[in-house]
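Since every read-out is calculated from the coordinates, none of them should be taken as a lab result. Nothing here was measured: the structure is a model prediction, and the numbers come from that model. Virtual Cβ from ideal backbone geometry, glycine too; neighbours counted across all protein chains shown.
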Amino acid sequence: MMKYLLTILLFSLFLPSLSFAQQYDLVIKGARVVDPESGLDKTTNIGITGKKIAIVTRDNIDGKEVINAEGLVAAPGFIDLHAHGQDPYSEKVGVFDGRTTQMDLEAGALPVSQYFKSKEGVSLTNFGTSVSHASARLLAMDKVNSDGSPMMTHALEKATKTGNKWASNIATPEQLKKIDQHIVKGIAEGGIGIGVMVGYYPNANSDGIARIAKIAAKESSFLTTHTRFLSNTTPSGVLGQQEFIALAMAYDVPLLLHHVPTNALADTATALDMIDSANAKGAKILAEAFPYLKGSSFIGTEILSEGWQQRTGMDYSDLIWVETGETLTKGTFEKYRKERPDGFFLMEHIKKKDMLSAVLHPEVIIASDGMPLVDKKGEFLPFDAAFGKGLGHPRSAGTFGTYLRLAIDDGSLTMQQIIAKTAYLQAKFLEPFVPSMKLRGRIQAGTFADLTLFNPKTVNGTAGYEAGTNSLPSVGFEHVIVNGKSVIKQGQLQEKIFPGEQISTLH
Ligand SMILES: [Zn+2]
């Protein structure tokens with residue numbers, strides 16, 4: 001017995017030195033580590049084992065691989081809740097903007113299981129989708145299956161042949177029942193929230209929308225929305241947002257309100273005030289914005305139906321056709337709307353003060369709303385295609401870099417607040433629905449090692465509106481780590497590793 005006790009005593013004496021000698025898979029040394037949840041903002045070391053952060057400490061620690069991160073900010077990997085570009089090339093460009101999770105919670109996908117299958121093992125970053133209400137309408141009203149493709153890319157073209165009933169018609173009672181069934185199935189398959197982009201089918205009647213809020217409540221899900229009425233005149237964009245704020249409060253369902261300035265336009269301050277006030281009364285509304293003045297969509301959209309100039313204050317000369325970079329005229333506008341309704345365009349419609357009031361609001365999250373970057377024929381590019389080849393809105397490539405430069409130079413937010421808007425607020429909003437979100441958006445022992453290390457002096461977005469610059473990578477993101485694996489090391493993309501994992505209500 002005595003011998004046994006002695007052994008234990010001797011063993012415990014060695015324990016401190018054993019833990020000191022522990023070697024981590026990856027160690028990040030000397031970064032300014034910012035963790036909005038714990039309030040940490042200090043020069044600290046991070047030890048990573050496998051997919052998770054094992055330790056955050058000021059002690060000297062050892063790793064099989066060590067990153068010297070002096071002068072860099074280490075932030076929780078950026079979580080983009082609004083990334084339509086789910087193809088390999090767009091995803092790659094997004095990584096250079098510091099994003100470790102890229103999900104499409106606006107347009108969403110259907111069938112949800114098909115979406116997840118297509119992304120498994122081939123994704124640089126974590127991926128996820130909402131259940132697409134628009135795709136459910138396509139299926140029920142046009143009998144067109146979008147095959148799990150976000151933004152319904154090829155399905156939009158097919159639906160042109162059936163008259164795009166999903167976009168322009170009011171669903172019949174039988175169709176509404178079918179839409180409900182598709183949505184409930186998508187939730188069961190792990191879809192994150194229900195993506196209701198009613199701005200693209202503004203004729204949908206109020207019952208058709210309210211019943212989706214009731215399904216969200218019943219199925220313990222939530223709503224995400226691109227609201228009706230991109231307009232300064234009545235019915236205004238704010239009126240469209242009120243529809244969803246009311247539904248969220250009436251049925252007690254959380255709400256992700258996409259790109260507030262895009263729809264609220266000159267009334268953005270009013271919209272944000274309403275959201276703040278609703279949240280103060282217990283609503284759970286998360287508003288998002290991107291740091292650009294132009295928007296982007298597909299040319300066949302209902303947003304550009306009769307009277308759009310009067311509603312939005314834009315004219316043909318404010319629209320750019322993505323594939324050629326040409327400014328549209330009445331003639332080319334009508335031609336493309338008829339012949340290429342799924343082709344992307346840009347529009348200048350947001351005023352700087354409105355963009356800034358949202359982007360610098362401490363509770364409004366940053367999201368790219370990045371459209372898929374395409375070639376001159378409107379097709380997706382291969383993974384290895386060069387930066388600059390991809391055509392589209394620069395927000396696909398530069399949202400987070402552009403935001404960081406703007407917010408750091410502006411100086412009205414603390415670094416904690418700046419960083420909270422890129423990952424933590426997103427994770428906090430999603431964690432009641434998505435188990436793994438309790439362990440993302442943070443830098444703490446036990447959380448996933450999704451990390452973005454950037455140089456606060458140089459970080460910026462470089463993508464622009466001119467052809468050839470749309471998909472240029474952001475600068476200043478020195479290291480991007482996804483589930484413990486370096487995807488970008490010293491500014492360089494690592495050889496084809498795809499550590500991205502499924503983010504869903506099942507994981
Ligand atoms: Zn949208």
Net charge within 11 Å of Thr172 by Cβ-Cβ distance, Lys/Arg positive one each and Asp/Glu negative one each, not counting Thr172 itself? +2
Taking a cut-off of 15 Å between Cα atoms, list the aspartates and glutamates near Lys42, but don't count ones fewer than 8 places away on the same chain. Asp59, Glu70
Using a simple spin-label model with points 7 Å from Cα along the Cα→Cβ vector, what separation in nm is obtained for Gln23 and Lys489? 1.6 nm
For the chain, give the share of DSSP beta bridges that are antiparallel, in percent and rounded to the nearest 5; count only bridges with both residues there. 55 percent
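With a cut-off of 8 Å between alpha carbons and a minimum separation of six or more residues, what is the relative contact order of segment 398-507 in percent?
Relative contact order of segment 398-507: 26 percent.
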Listed residue pairs exceeding 28 Å between alpha carbons, taken from Lys438/Lys485; Lys165/Lys335; Lys119/Lys338; Lys351/Lys421; Lys438/Lys489; Lys158/Lys330: Lys119/Lys338
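Under 8 Å for C-alpha pairs, at least 6 residues apart: give me the relative contact order for segment 190-338, rounded to a whole percent.
Value for segment 190-338: 20 percent.
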Where trypsin sites (Lys or Arg not before Pro) fall in DSSP loop in segment 366-464, at most 15 other Cβ within 10 Å: Lys376, Lys377, Lys457
I'd like to know which of Ile53, Val482, Asn232 lies farthest towards the positive end of the charge dipole of the chain, counting +1 on Cβ of Lys and Arg and -1 on Cβ of Asp and Glu. Ile53
Just to confirm a number: summing +1 for Lys and Arg and -1 for Asp and Glu over residues other than Arg32 whose beta-carbon lies under 14 angstrom from that of Arg32, what do you get? 0
In nm, to one decimal, how far is the Leu413 label point from the Asn169 one, both placed 7 Å along Cα→Cβ? 4.4 nm
Between the modelled labels at Ala445 and Thr233 (7 Å from Cα along Cα→Cβ) the distance in nm is 6.3 nm
Computed lengthening from His154 to Lys218, 0.36 nm per intervening residue step minus Cα-Cα distance: 19.8 nm
Percent antiparallel among DSSP beta bridges (both partners in segment 50-152, rounded to 5): 10 percent
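Counting Lys +1, Arg +1, Asp -1, Glu -1, what net charge surrounds Asp318 among other residues with beta carbon under 14 Å of its beta carbon?
Result for the local shell: +1.
For the chain, what Kirkwood radius comes out of the mean inverse Cα-Cα distance, in Å?
Hydrodynamic radius (Kirkwood, Cα pairs) of the chain is 23.2 Å.
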Using Cα-Cα distances under 8 Å and only pairs 6 or more residues apart, what relative contact order does the chain have, in percent? 20 percent
Given the Cα-Cα distance of Ala280 and Glu120 and 0.36 nm per residue of separation, how much length would full extension add, in nm? 53.7 nm
Size of electric dipole in segment 34-118: Cβ of Lys, Arg +1 and of Asp, Glu -1, about Cα centre, debye, nearest 20: 280 debye
State the extension gain, in nm to one decimal, for the chain segment bounded by Val66 and Ser206, taking 0.36 nm per residue of separation less the distance between their alpha-carbons. 44.7 nm
222 nm [θ] for the chain, helices only, -39500 (n - 2.57) per DSSP H run of 4+, per residue, to 500? -9500 deg cm²/dmol
